[in-house]
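Notes to accompany the following structure.
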Amino acid sequence: MTEHNHPGDSQPMRVRFGPSPTGITHLGSARTALYNYLLAHQTGGQFILRIEDTDQKRYDPNAEEDLTQSLKWLGLQWDEGPDVGGEYGPYRQSERKQLYLDVAHELIDKGHAFYCFCTREELDKQRKEQQAKKEKTRYKGTCRNLSKEEVQRRLDNGDEHVIRFKMPMEGTTTVTDRLRGEITFENQYLDDYIIVKSNGLAVYHLATMVDDHYMKVTHVLRGEEWIPTFPLHARIYRAMGWEEPEFVHLSLFLKPSGKGKMSKRDTEAMKASGESIFIRDMKGLGYLPEAILNWVVLMGWSYDDQTEFFTMEDMIEKFSLGKLNPKNAAIDFKKLDHFNGLHIRNLAVEDLAERLKPFLAEAGYTDVDQDVLLAVTPLLQPRLTTLDEVVDWVPFLFDEEVTPNAESLVVKKLTPEQSLDLAQAVLAVVENAPSMTHEDIEQPLRQLAEDKELKAGQVFGLLREAVTAQRVSPPLVESMDILGKDECVARLRKAIIILENLVKNGANNE
RNA sequence: GCCCCCAUCGUCUAGGGGACCAGGACGUAGCCCUUUCAAGGCUAAGACCGGGGUUCGAAUCCCCGUGGGGGCACCA
């Protein structure tokens, strides 16, 4: 176990989030970005957004837009980045090509890197041979010790080439990860990694180290999938004589089953069941950014043995590298639902009402009455798990025509005739009440139930169907109050007609 | 196949040699509250991967197994 807190943890941290624009922003990225954001804000440092677009083949022009939209929606605004600038720009790797080349050449001059003219075909062949012989796969070193003259000759000749890092053949490389302590690799199992491609663009390994150095990044937070190439990264730093930042390799998110990382197939299966790991989808699914953040911050980090509800403010105050957990975590959407409910309940009524509007609009309720919305929102607040559920609760308030179901109007344990009779009695109570408030309506209705030797539930059940025509609804009396007495009376009359018809038809059938 | 990381309830986790017959949360079950549905309150079941050490004492430290995960590209 490493110590929990390092002396440098309270110094301003310069951290960066470096996504490659190749796909849709997902939960794993959101967590990395969040941790970075938290650290920067907690220490008064800077959160840098750097676009790592050195792979032109996989480049997706929509990815960057999706990324910035997702981060902004989550509330993770960066201090420096391609759109906002900063004194260490540019913040897009494709615009920093020369810088990487300069470092690569310096590495060559210092004897830490070399030009390689081997063709892909040769390389593939070598690799296959090694695999067939069950040997470790490592570059054979054909171009490792070419003479200066030979190199110059082939360069002048325009021969296609890459630049490789010269990894020692023997000895070990020890690197330090914040969560795991020292990790030692045997150099013989490492490789002479390509650091500049034949098109002249650096690969991740070079570009990112160069950027982190020149952008004065103090703490690198990245996924654990980078541990295998960590020795290369450390060696680049050391070869250049740069001071290494602190490296923190975060645990990976596993699919809900806990078996492996999310694959494309998994994400599609998820969508079918109304779940998604893509931030832009989660918005439409009715999740709050506050809830997503709260959920995700706890996948790999904890505060103490009790507290789990966190606002952004809480997280900024309480987050710490020392409490990070290196164990991979399976995604659990049930827990997200829980946090979403918690954060919905934590919202101010006006705020929640505003956030419900897009979902109402989606269902066709484009011009809802603001007063009605504000009146019903507190009733919905403890009942909603996701925002989209609002449409299940409010049709009775916003639909033009509300028609109760005849069968449902028949009260439990009563005949249609008795139900009709009861409905008329209920109508009388409602008509006589001065208002639809608890004080004016609840007690008379209970009295009615008592007089008729019925359970309160039977009376309220009939009334609920008549007034809302919904199987479930917000609390009845409050709902009636929102509707107003006149509307309640009208709906009750309509229900009575429906019951009368039922009784008539029932009689005919007999 | 080779290299690396990880290992506490089904899941997320607390745990830093004695405070642990292992605590919290989600989920599950039951009860209470209740006009529907929730929310809320209470309760229950549920875990230290196995084996060796070290130690008076191990969930905690070490080793070996096993299991899970990741990496082995002119992708990141």
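If I filter the range A:463-482 down to residues being within 6 Å of RNA strand B (Cβ to nearest atom) and in a helix (DSSP H, G or I), which single residue comes out as nearest to A:Val411 (Cα to Cα)?
This residue is A:Arg464.
Which one of these is without any contact (Cβ under 8 Å) to a residue 60 or more places away in the chain and away from RNA strand B (no atom under 16 Å from the Cβ): A:Gly81, A:Gly86, A:Gly75, A:Gly23?
A:Gly86
Each row is one residue, and each column tells you yes or no for (1) at pLDDT 95 or above; (2) out of contact with any helix residue (DSSP H, G or I) (no Cβ under 6 Å at 6 or more places or on another chain).
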{"residue": "A:Tyr88", "(1), (2)": "yes, yes"}
{"residue": "A:Tyr115", "(1), (2)": "yes, no"}
{"residue": "A:Lys128", "(1), (2)": "no, yes"}
{"residue": "A:Gln131", "(1), (2)": "no, yes"}
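Which members of the range A:350-370 meet the condition of being β-branched (Val, Ile, Thr) and open to solvent by less than 40 Å² (accessible area, probe 1.4 Å)?
Of all residues in the range A:350-370, those β-branched (Val, Ile, Thr) come to A:366, A:368.
Within the range A:350-370, A:Val368 is the sole residue that qualifies.
In this structure, does A:Trp301 turn out to be farther than 22 Å from A:Thr43 by Cα and more than 6 Å from RNA strand B (Cβ to nearest atom)?
No: the conditions fail for A:Trp301.
Within the range A:28-66, work out how many residues are part of a helix (DSSP H, G or I), open to solvent by 10 Å² or more (accessible area, probe 1.4 Å) and farther than 19 Å from A:Met299 by Cα.
Count: 6.
Under the condition of being near RNA strand B (Cβ under 9 Å from one of its atoms) and charged (D, E, K, R), which residue from the range A:434-459 is farthest from A:Val489 (Cα to Cα)?
Looking at the filtered set, the residue picked out is A:Lys455.
Within the range A:378-392, count every residue that is more than 22 Å from the chain's Cα centre (by Cα) and surrounded by 20 or more Cβ atoms within 10 Å (Cβ to Cβ).
Summing the residues that are more than 22 Å from the chain's Cα centre (by Cα) and surrounded by 20 or more Cβ atoms within 10 Å (Cβ to Cβ) in the range A:378-392 gives 1.
Among all residue pairs at least 6 apart or on different chains, which show Cβ distances below 9 Å where the first residue, located in the range A:465-486, is closer than 18 Å to A:Asp369 by Cα and of a type in the set (S, T, N, Q) and the second is open to solvent by 30 Å² or more (accessible area, probe 1.4 Å) and within 12 Å of RNA strand B (Cβ to nearest atom)?
A:Ser479/A:Arg464
Among what's in the range A:38-55 and is more than 8 Å from RNA strand B (Cβ to nearest atom) and touching a residue at least 60 places away in the same chain (Cβ under 8 Å), pick the residue that is farthest from A:Ser10 (Cα to Cα).
A:Arg50
With the range A:132-243 as the region, which helices (runs of 4 or more DSSP H) entirely inside it contain at least 2 residues that are open to solvent by 40 Å² or more (accessible area, probe 1.4 Å) and in contact (Cβ under 8 Å) with a residue 24 or more places away in the chain?
Where helices (runs of 4 or more DSSP H) fall fully within the range A:132-243 and carry at least 2 residues being open to solvent by 40 Å² or more (accessible area, probe 1.4 Å) and in contact (Cβ under 8 Å) with a residue 24 or more places away in the chain, they are A:148-156, A:204-214.
Across the range A:262-280, what is the number of residues that are part of a loop (DSSP other than H, G, I, E, B) and at pLDDT below 90?
4
Taking the criterion of being surrounded by 13 or more Cβ atoms within 10 Å (Cβ to Cβ), over 18 Å from A:Ile496 (Cβ atoms) and free of Cβ contacts under 8 Å to residues at least 12 places away in the same chain, would at least one residue in the range A:430-442 satisfy it?
So far as the range A:430-442 goes, yes, one or more of its residues are surrounded by 13 or more Cβ atoms within 10 Å (Cβ to Cβ), over 18 Å from A:Ile496 (Cβ atoms) and free of Cβ contacts under 8 Å to residues at least 12 places away in the same chain.
In this structure, is A:Lys283 of a type outside the set (A, V, I, L, M, F, W, C), more than 14 Å from RNA strand B (Cβ to nearest atom) and not in a strand (DSSP E or B)?
Spelling it out, A:Lys283 is indeed of a type outside the set (A, V, I, L, M, F, W, C), more than 14 Å from RNA strand B (Cβ to nearest atom) and not in a strand (DSSP E or B).
The values are calculated or read from the model by the stated rules, or taken from the named source; none is laboratory data. Because the structure is a prediction, the values reported are computed rather than measured. Methodologically, a virtual Cβ is constructed for each residue, glycine included, from the backbone with ideal geometry; neighbour enumeration extends over all protein chains shown. Calculation scope for accessible area: heavy atoms of the full protein, side chains included, ligands and nucleic acids excluded. Shrake-Rupley method; radii C 1.70, N 1.55, O 1.52, S 1.80 Å.
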